[in-house]
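K.L.:
Got a structure here, written out as structure tokens. Questions coming.
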Amino acid sequence: QVQLVESGGGLVQAGGSLRLSCAASGRTFSLYTMGWLRQAPEKEREFVAAIRWSGGSTDYTDSVKGRFTISRDNAKNMVYLQMNSLKPEDTAVYYCGAKRVYYGGYRDGYEYWGQGTQVTVSS
């Protein structure tokens, strides 16, 4: 059973920074893609960033490129999302997701989800 637990959300002013963490357990994640997705009120869940556990290749949605950085610590089974220069439109519940690399791609098809962590950016 895969378990993903997010932490690190909170309230921050525009221009500030937050670091989200995702603790992964229950599998050997070397064959997994790990992603961050977010869902704002009354909007669909959208892709933010992803990283291949093995090799570390990454993908970002255009709106966060240059501001957000996804990384992983293989020894600790942790995935991080460093968010800088935050904007009010980044306000959402952020979810950590995992899927097997076998399914291809970065942006959809996630099999496992955490419970989410709220990020609120005030103007």
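K.L.:
Please return the longest range in the chain lying between exposed loop sites, taking trypsin sites (Lys or Arg not before Pro), DSSP loop only, at most 11 other beta-carbon atoms within 10 Å, and leaving the sites out. Kindly include the intermediate steps, with their values, before the conclusion.
P.N.:
Numbers: sites that count: LYS43, LYS65.
Free of exposed loop sites, the longest segment is 66-123.
K.L.:
Among DSSP bridges having both ends in the chain, what percentage is antiparallel? Round to the nearest 5.
P.N.:
On the way: 39 of 43 bridges.
That works out to approximately 90 percent antiparallel.
K.L.:
Reachable lysines from LYS43, Cα under 19 Å, same-chain residues fewer than 8 places away excluded?
P.N.:
LYS87
K.L.:
Also: Only sites in a loop by DSSP and with at most 14 other Cβ atoms within 10 Å count here; which GluC sites (Glu not before Pro) in the range 29-85 make the cut?
P.N.:
Values: sites: GLU42, GLU44, GLU46; in loops: GLU42, GLU44.
Answer in residue order: GLU42, GLU44.
K.L.:
For LYS76, go through the lysines and keep the ones whose alpha-carbon is under 28 Å away, minus same-chain ones fewer than eight residues off.
P.N.:
Here the lysines satisfying the reach criterion relative to LYS76 are LYS65, LYS99.
K.L.:
Could you give the length gained on full extension between LYS65 and VAL5, defined as 0.36 nm per residue of separation minus the Cα-Cα distance, in nm? Mind showing how you got there, number by number?
P.N.:
Working: separation 60, 0.36 × 60 = 21.60 nm, distance 2.43 nm.
Taking LYS65 through VAL5 to full extension adds about 19.2 nm, to one decimal.
K.L.:
Please give the charge dipole size of the range 62-109, origin at the Cα centre, charges +1 on K and R Cβ atoms and -1 on D and E Cβ atoms. Round to the nearest 20 debye.
P.N.:
On the way: 8 positive and 5 negative charges, 38 e Å.
Its charge dipole is roughly 180 debye.
K.L.:
Which listed residue (GLY8, CYS22, ALA75) has the Cα farthest towards the positive end of the charge dipole for the chain, taking +1 on Lys and Arg C-beta and -1 on Asp and Glu C-beta about the Cα centre?
P.N.:
ALA75
K.L.:
So how much slack lies between THR120 and LEU31, counting 0.36 nm per residue of separation and subtracting their Cα-Cα distance, in nm?
P.N.:
Values: separation 89, 0.36 × 89 = 32.04 nm, distance 3.25 nm.
Working it through step by step, the gained length comes to 28.8 nm.
K.L.:
Working out 0.36 nm times the residue gap between LYS76 and ALA40, then minus their Cα-Cα distance, what length gain in nm do you get to one decimal? Can you show the working numbers first?
P.N.:
Working: separation 36, 0.36 × 36 = 12.96 nm, distance 2.95 nm.
10.0 nm is the gain from fully extending LYS76 to ALA40.
K.L.:
Points 7 angstrom from Cα along the Cβ direction at GLN13 and ASP108: gap in nanometres?
P.N.:
4.0 nm
The numbers here are math on the coordinates, done by the rules we state, and not lab data. Worth saying up front: this structure is predicted, and the values here are computed from it rather than measured. Cβ: placed from backbone, ideal geometry, glycine included. Neighbour counts: every protein chain shown.
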